[in-house]
Amino acid sequence: RPRILSGMQPTSDSLHLGNYLGALVNWVGLQDDFDAYYFVADLHALTVPTDPEVLRHRTRVTAAQFIAAGVDPTRSAVFCQSHVTAHAELGWLMSCLTSFGEASRMTQFKDKVAKGQNANVGLFTYPMLMAADILMYDAAYVPVGEDQRQHLEITRDLAERFNARFGETLTVPEPYILKESAKIMELTDPTAKMSGTNSPDKGLLLLSDEPNRLRKKIMSAVTDTGSEVRFDPQEKAGVSNLLAIHSVLSGTEVADLEAEFAGRGYGDLKKAVAEVVLAAVEPFRSRMDELLSDPAELDRYLADGAERAAVVAGATMTRVRDAVGLLPAA
Ligand code: TYM
C-alpha cells in the first residue's frame, strides 16, 4: 500500500475544529487505503518557547486526540517526531539544499516576523524539517489544510532537487487538501483562520470544550447584518464558514443547506451547526479522557508507532546517506 504521512504541532492545550476538519477527518478516512504515519510535531513546537511540563502535556493531548478522533494506532503508526531522531538529521540535509532566499520567501516565516514574533533560527528552517518529515516516509500524499500548501510545494522542490543532484532517491509527494474544509475560520473574525495560537478562545472550537461551551461559542459566532443564508465567502464570511462546517460534518451539499435554511434566520443555522458539531465531537470525548487519565496505554501506542516509523526512516536514511556521499558508520 502507498504511504501517507501528516503531523500536527502540540502548541495548544487542545486541537480545534480547524485541525479536525482540515486534516484529522481525512487522516481517519485515508488509513483504510494507505499505510499511514501520523505524528505529533514536538520538534516543530520548540520553535515557540514553551514550558517543558506544558509541552509534555500538550504532546500527550495531541496524540490522545488523534486516537480519540478515530486514528487506529494498531493500523496507523502514531508517534512523536522526536522519537525518530532521523527527522532532525534529514532536516539538516534539507537545509543544506535550500537557498537562503528561498527560505526567506516562506510566508509563514515572513508573517511571524512581520507580527513581531521574535524569530529563532528554528522558525527559519522549519519548512526544511517538515520536508524531512514527509520525504522520510516516501509519502505519496500528505493530508493537510490549505495553510500548509506552500510547505508542500517547497517539499516537492527539495525532493526534485535532491533527485536531480544525487539520483532518484526520494518520492515527490502530493498534497491532499479538500476544498470545503481546507480553511475553517475563526468564529469571532471569519476573515481570519481558526488558529490555536492566534485566535481568541471565543473564536475557537476546541475538541476538549464542554458541549455547552461549544454551543455558546457557535450561537455567538459573528455573521453579518443581513439575514439570507447564502454561501458567499467574500460577502458573507461568517455564514459561509458555518455552512462549510455543517456541510463537511453532515455530508450535506452546501446548496442543499442553502435551500433548507432559505427564509429562516441565522439563529436556526447556528442551532443546526451546534447539533452537528456536538454529534461529531461528543462521541470521542470519553476516549480522550480515558487515554489522558492513564497515559500508560497512550505511551505504549507512541512507543510502538515510533518503532514502526524508525524502520522506514532507517531504510530511507541508508539510501540518503549513501546518495550524498556520507561514509557508512560501520
Ligand atoms: P498545525 O499544527 O498548525 O496544524 C495541523 C493541521 O491542521 C490544519 N489546520 C487547519 N485546517 C483547516 N482550517 C484551519 N483553520 C486549520 N488550522 C490548522 C493544518 O493545515 C494542518 O494540516 N507544519 C504543520 C505540522 C507539520 C506537518 C509535517 C504536517 C510538521 N511536519 C509534515 C504535515 C507533514 C503545522 O504547523 O500544522
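Taking the listed residues Ala103, Ala63, Ala68, Ala88, the one that is within 17 Å of Val144 (Cα to Cα) and either out of contact with any Asp or Glu (no Cβ under 7 Å at 6 or more places or on another chain) or surrounded by 19 or more Cβ atoms within 10 Å (Cβ to Cβ) (or both) is Ala63, with no other qualifying.
Report the residue count in the stretch 31-53 for those that are open to solvent by 20 Å² or more (accessible area, probe 1.4 Å) and out of contact with any helix residue (DSSP H, G or I) (no Cβ under 7 Å at 6 or more places or on another chain). Of the residues in the stretch 31-53, 10 are open to solvent by 20 Å² or more (accessible area, probe 1.4 Å) and out of contact with any helix residue (DSSP H, G or I) (no Cβ under 7 Å at 6 or more places or on another chain).
So, in the stretch 124-141, exactly how many residues are of a type outside the set (Phe, Trp, Tyr) and open to solvent by less than 10 Å² (accessible area, probe 1.4 Å)? Of the residues in the stretch 124-141, 9 are of a type outside the set (Phe, Trp, Tyr) and open to solvent by less than 10 Å² (accessible area, probe 1.4 Å).
From the list Leu269, Leu242, Leu257, Leu204, the lone residue that is under 27 Å from Gln9 (Cα atoms) and out of contact with any strand residue (DSSP E or B) (no Cβ under 6 Å at 6 or more places or on another chain) is Leu242. Of all the listed residues (Gly70, Gly7, Gly101), the sole one being farther than 24 Å from Leu214 by Cα, in contact (Cβ under 8 Å) with a residue 12 or more places away in the chain and either more than 17 Å from the chain's Cα centre (by Cα) or not in a helix (DSSP H, G or I) (or both) is Gly7. When each of Val78, Val28 is tested for being open to solvent by less than 30 Å² (accessible area, probe 1.4 Å), closer than 18 Å to Phe284 by Cα, modelled with pLDDT of 95 or more and within 15 Å of the ligand (Cβ to nearest atom), the lone residue that passes is Val78. Candidates in the stretch 151-202 are the residues that are open to solvent by 60 Å² or more (accessible area, probe 1.4 Å), of a type in the set (S, T, N, Q) and within 20 Å of Phe109 (Cβ to Cβ); of these, the one that is nearest to the ligand (Cβ to nearest atom) is Thr197.
All told, Ile154 meets the bar of being β-branched (Val, Ile, Thr), at pLDDT 95 or above and more than 16 Å from His44 (Cα to Cα). Residue pairs whose Cβ atoms lie under 9 Å apart, separated by 6 or more positions or on different chains, with the first residue in the stretch 220-233 and open to solvent by less than 80 Å² (accessible area, probe 1.4 Å) and the second of a type in the set (Val, Ile, Thr) and part of a loop (DSSP other than H, G, I, E, B), are Ser220/Thr188; Ala221/Thr188; Val222/Thr188. Considering only residues of the stretch 8-25 that are open to solvent by 30 Å² or more (accessible area, probe 1.4 Å) and under 14 Å from Ile177 (Cα atoms), which is farthest from the ligand (Cβ to nearest atom)? In this case the residue turns out to be Val25. Against the conditions (1) open to solvent by less than 20 Å² (accessible area, probe 1.4 Å); (2) at pLDDT 95 or above, Asp256 satisfies every one except (1). For the stretch 31-62, filtered to residues that are assigned to a loop (DSSP other than H, G, I, E, B) and polar (S, T, N, Q), the residue that is farthest from the ligand (Cβ to nearest atom) is Gln31. Check the stretch 126-146 and report whether any residue there is closer than 30 Å to Ile245 by Cα, touching a strand residue (DSSP E or B) at 6+ places or on another chain (Cβ under 7 Å) and among the charged types (D, E, K, R). Within the stretch 126-146 (the criterion being closer than 30 Å to Ile245 by Cα, touching a strand residue (DSSP E or B) at 6+ places or on another chain (Cβ under 7 Å) and among the charged types (D, E, K, R)), the answer is yes, since at least one residue qualifies.
Can you tell me which condition Ala272 does not meet? The list is (1) surrounded by fewer than 17 Cβ atoms within 10 Å (Cβ to Cβ); (2) free of Cβ contacts under 8 Å to residues at least 40 places away in the same chain; (3) in contact with a Phe, Trp or Tyr (Cβ under 9 Å, 6 or more places away or on another chain), and all the others hold. The single condition Ala272 does not satisfy is (1).
The values are calculated or read from the model by the stated rules, or taken from the named source; none is laboratory data. Keep in mind the model is a prediction, meaning the values are calculated, not measured. All Cβ positions, even for glycine, are placed from backbone atoms using ideal geometry, and neighbour counts span all protein chains on display. The accessibility values were calculated without ligands, DNA or RNA, using every heavy atom of the protein model including side chains. Shrake-Rupley method; radii C 1.70, N 1.55, O 1.52, S 1.80 Å.
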